[in-house]
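The values are calculated or read from the model by the stated rules, or taken from the named source; none is laboratory data. Computed from a predicted structure; not experimentally measured. Neighbour counts run over all protein chains shown; Cβ positions are idealised from the backbone, glycine included.
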């Protein structure tokens, strides 16, 4: 369901420090620590941070150097910062392709680029995993003075398949997205372009090329079409097996875009590490209530094989938001969307994608369109609840922005993803783990993030409510602590231009 920016692949690598240096020492006094490794919240703790890392967590007073920053934690809750493991920093939500060629639109894009990382921080997201965008977009994100710790995942796809199918000019397609895999099984309909060497587009060659650039993570796309379309090429089972074998050989994590039952079955059969979308397309098994046996069997197999699962509930909800009368009136938008972009959304030009989606639905009125997407969304929510009831460790990933919809906004969508998980019936502690230790473990970053413990990076949140007791806690952030630097939350809100 996601339309992604075109561009070359990028690398999941450790952060090269680009943050301004924080205070040499920070002491958070008499705070209640809420952390996934703890059986219960620990009150009256004193936390010492030095050079961006946690030095100690203790009920005893801690000594600090003169000039250390001290925060009074009484009545507050200290948690790890959140990780959103599915973002696309290259896309401006709601922007049509090529829009910023107009100087006025370019200025709007620039305002968004400056605000985007701050918006993630505003909602407590201190780490992101970028699954696909151009290198320039990634560099622009990291160039901002305040941004979450940034990790990258490389991507590859079948020749002429999703997401490259959206670039109609094939000459441009192959230049813009060169890391494709040639699929011999689809050669009759999708032959290799003249002058290209098939040996350079085998699973082994493409993944090897990416591995040599230092990647630890590969995303593939198992997607044969949106809506009634089902003719986009996908990797054959043999090619998927070769991809899986090569990623294992090179120690790479394998993620799969797949949101329909038939596509997810292929992902499970290929033994991917993470399914990077929720299951909202049930096809012939669709039903108004419950989880049908075929869907339940599939979800139990995901659980049995310990495959990571990103519900990405906001993908469909973001489309429904196009048709909600109050979407652009949401006061939270003013906190994360630059005023010039918010004003443009309200213009006829800013409604272009809404009208495109409406046409795809047969020109139905707003309420009918919104209801259609709410029904589809309910399937993903039920699948998420079923996995949660199995005890499956869910992963927090918002897929922001999943399409050119103004319904998906950075940071705010991460929070709304958690809120939809709660509305699905996932318990608050499970949501907390999804956004902290589960993500950190899945992406091999649990030595750095995910808990409030000695030695961890001091990416922390100071809240005025306990997130194990109320979703409201995630909107009650008092301070964001980024590698030991203390940031007042409201200073991260979109400035009035």
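Brief remarks on what is shown
- Of all residue pairs spaced 6 or more apart or on separate chains, those with beta-carbon atoms under 7 Å, a first member in the range 289-307 that is free of Cβ contacts under 8 Å to residues at least 60 places away in the same chain and a second member that is assigned to a helix (DSSP H, G or I) and surrounded by fewer than 17 Cβ atoms within 10 Å (Cβ to Cβ) are 292/285; 294/285; 298/265.
- So residue 340, is it touching a residue at least 24 places away in the same chain (Cβ under 8 Å) and either within 20 Å of the chain's Cα centre (by Cα) or in a loop (DSSP other than H, G, I, E, B) (or both): no
- A search for C-beta distances below 9 Å between a residue of the range 150-171 that is at positive phi and any residue that is assigned to a loop (DSSP other than H, G, I, E, B) and buried (at least 21 other Cβ atoms within 10 Å of the Cβ), counting only pairs 6+ apart in sequence or on different chains, returns 160/183.
- Yes/no for residue 315 being buried (at least 17 other Cβ atoms within 10 Å of the Cβ) and assigned to a loop (DSSP other than H, G, I, E, B): no
- Filter pass, residue 216 being at pLDDT 95 or above, closer than 17 Å to residue 179 by Cα and surrounded by 17 or more Cβ atoms within 10 Å (Cβ to Cβ): no
- Any hit, the range 394-412, residues being assigned to a helix (DSSP H, G or I), within 24 Å of the chain's Cα centre (by Cα) and assigned by TED's automatic domain parsing to the domain that holds residue 257: yes
- Qualifying residue in the range 366-374 (condition: surrounded by 13 or more Cβ atoms within 10 Å (Cβ to Cβ), modelled with pLDDT of 95 or more and closer than 30 Å to residue 438 by Cα): yes
- Selected residue (criterion: surrounded by the most Cβ atoms within 10 Å (Cβ to Cβ)) from residues of the range 467-492 that are touching a helix residue (DSSP H, G or I) at 6+ places or on another chain (Cβ under 6 Å) and in a loop (DSSP other than H, G, I, E, B): 467
- Counting the residues of the range 432-466 that are out of contact with any helix residue (DSSP H, G or I) (no Cβ under 7 Å at 6 or more places or on another chain) and assigned to a strand (DSSP E or B) gives 4.
- Checking each residue in the range 341-360 for being closer than 22 Å to residue 228 by Cβ and exposed (fewer than 15 other Cβ atoms within 10 Å of the Cβ) picks out 355, 356, 359, 360.
- Any chance residue 495 is surrounded by fewer than 16 Cβ atoms within 10 Å (Cβ to Cβ) and part of a helix (DSSP H, G or I): no
Yes/no matrix, rows are residues, columns are (1) touching a helix residue (DSSP H, G or I) at 6+ places or on another chain (Cβ under 9 Å); (2) without any contact (Cβ under 8 Å) to a residue 12 or more places away in the chain; (3) surrounded by 21 or more Cβ atoms within 10 Å (Cβ to Cβ):
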position: 116; (1), (2), (3): yes, no, yes
position: 139; (1), (2), (3): no, yes, no
position: 142; (1), (2), (3): yes, no, no
position: 175; (1), (2), (3): no, yes, no
position: 186; (1), (2), (3): no, no, no
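- Residue match in the range 184-200 (condition: in contact with a strand residue (DSSP E or B) (Cβ under 7 Å, 6 or more places away or on another chain) and part of a loop (DSSP other than H, G, I, E, B)): no
- Residue check, residue 311 under 30 Å from residue 490 (Cα atoms) and at pLDDT 95 or above: yes
- Residue 107 vs. criteria modelled with pLDDT under 90, farther than 28 Å from residue 441 by Cα, surrounded by fewer than 21 Cβ atoms within 10 Å (Cβ to Cβ) and in the same structural domain as residue 328 (by TED's automatic domain parsing): no
- For the condition modelled with pLDDT of 95 or more and either closer than 30 Å to residue 163 by Cβ or not in a strand (DSSP E or B) (or both), residue 35 qualifies.
- Among the residues making up the range 228-261, those that are over 23 Å from the mean Cα position of the chain (by Cα) and within 17 Å of residue 284 (Cα to Cα) are 228, 229, 230.
- Residue 244 being free of Cβ contacts under 8 Å to residues at least 24 places away in the same chain and in a helix (DSSP H, G or I): no
- Residue within the range 71-85 that is surrounded by fewer than 20 Cβ atoms within 10 Å (Cβ to Cβ) and under 14 Å from residue 454 (Cβ atoms) present: no
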